[in-house]
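For reference, the structure is listed below as structure tokens.
FYI, it's all coordinate maths here, none of it is from the lab. If you're wondering where the values come from, they're calculated on a predicted model, not measured in any experiment. Here the Cβ positions follow ideal geometry from the backbone for every residue, glycine too, while neighbour counts run over all protein chains shown.
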Amino acid sequence: MSEITGRHVLAITVGAFGIIIAVNVLMAWKAVSTFPGLETTNSYVASQEFDARRAAQEALGWTLDVTHDRGRVRIAFTDRDGHPVQVADLSVLIGRTTEAKDDVTPPFTFLGDAYEAEVPLANGYWMVKVTAHAMDGTLFEKRIDILVKG
């Protein structure tokens, strides 16, 4: 059995810290390279408008239901009485919560009681960001996470 010298201890210490630093650099690079971007340019201004937008959206009394079945996404807006709602305009972003490479904004068609679009999604969790305007111009925004199973 050989004796542990100062060189051995130095090599072990440098090796351990080298691994720690390499992993930290890799994780920082992955975090920055997969970050899709800013949610808002000025968070202070956005926070000042949040309560007013939320109150207007809640006054609509809408419920949103998002489902995925056999390659189709269905988005249904209903009012307080459970009746279908048709919106003035609709924008939907579907993607993963952790990266933007799979993001899609499919065109949805109103079918009388809901909006549908063909969106083949792989298994796993998906984020659906819905932005719509009521016929009176009131903004409606909601994010829903869905699980697609094989």
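Ordering Leu111, Ile94, Gly150 by Cα displacement along the dipole of the chain toward the positive end leaves Gly150 in first place; charges were set at the Cβ atoms of Lys, Arg (+1) and Asp, Glu (-1).
The base-10 log of I(q)/I(0) for the range 43-148, evaluated at q = 0.11 Å⁻¹, reads -0.36 [Debye formula, identical scatterers on Cα atoms, solvent excluded]. At full extension, Met135 and Ala100 could sit 9.5 nm farther apart than now, given 0.36 nm per residue minus the alpha carbon distance. The C-alpha atoms of the chain define a longest principal axis, and helix 43-60 lies at about 40 degrees to it.
Restriction of the trypsin sites (Lys or Arg not before Pro) in the range 50-131 to DSSP coil positions whose beta-carbon has at most 12 other beta-carbons within 10 angstrom yields Arg70, Arg80, Lys101. Each of Thr131, Thr41, Ile4 was placed along the dipole of the chain (beta-carbon charges, centred on the mean Cα), and the one lying farthest toward the positive end is Ile4. The alpha carbon centroids of the range 64-79 and the range 87-150 are separated by 8 Å.
Multiply the residue separation of Ala46 and Met27 by 0.36 nm, subtract the distance between their alpha-carbon atoms, and state the gained length in nm to one decimal. Working shown, then result.
Working: separation 19, 0.36 × 19 = 6.84 nm, distance 3.01 nm.
Stretched fully, the Ala46-Met27 segment lengthens by 3.8 nm.
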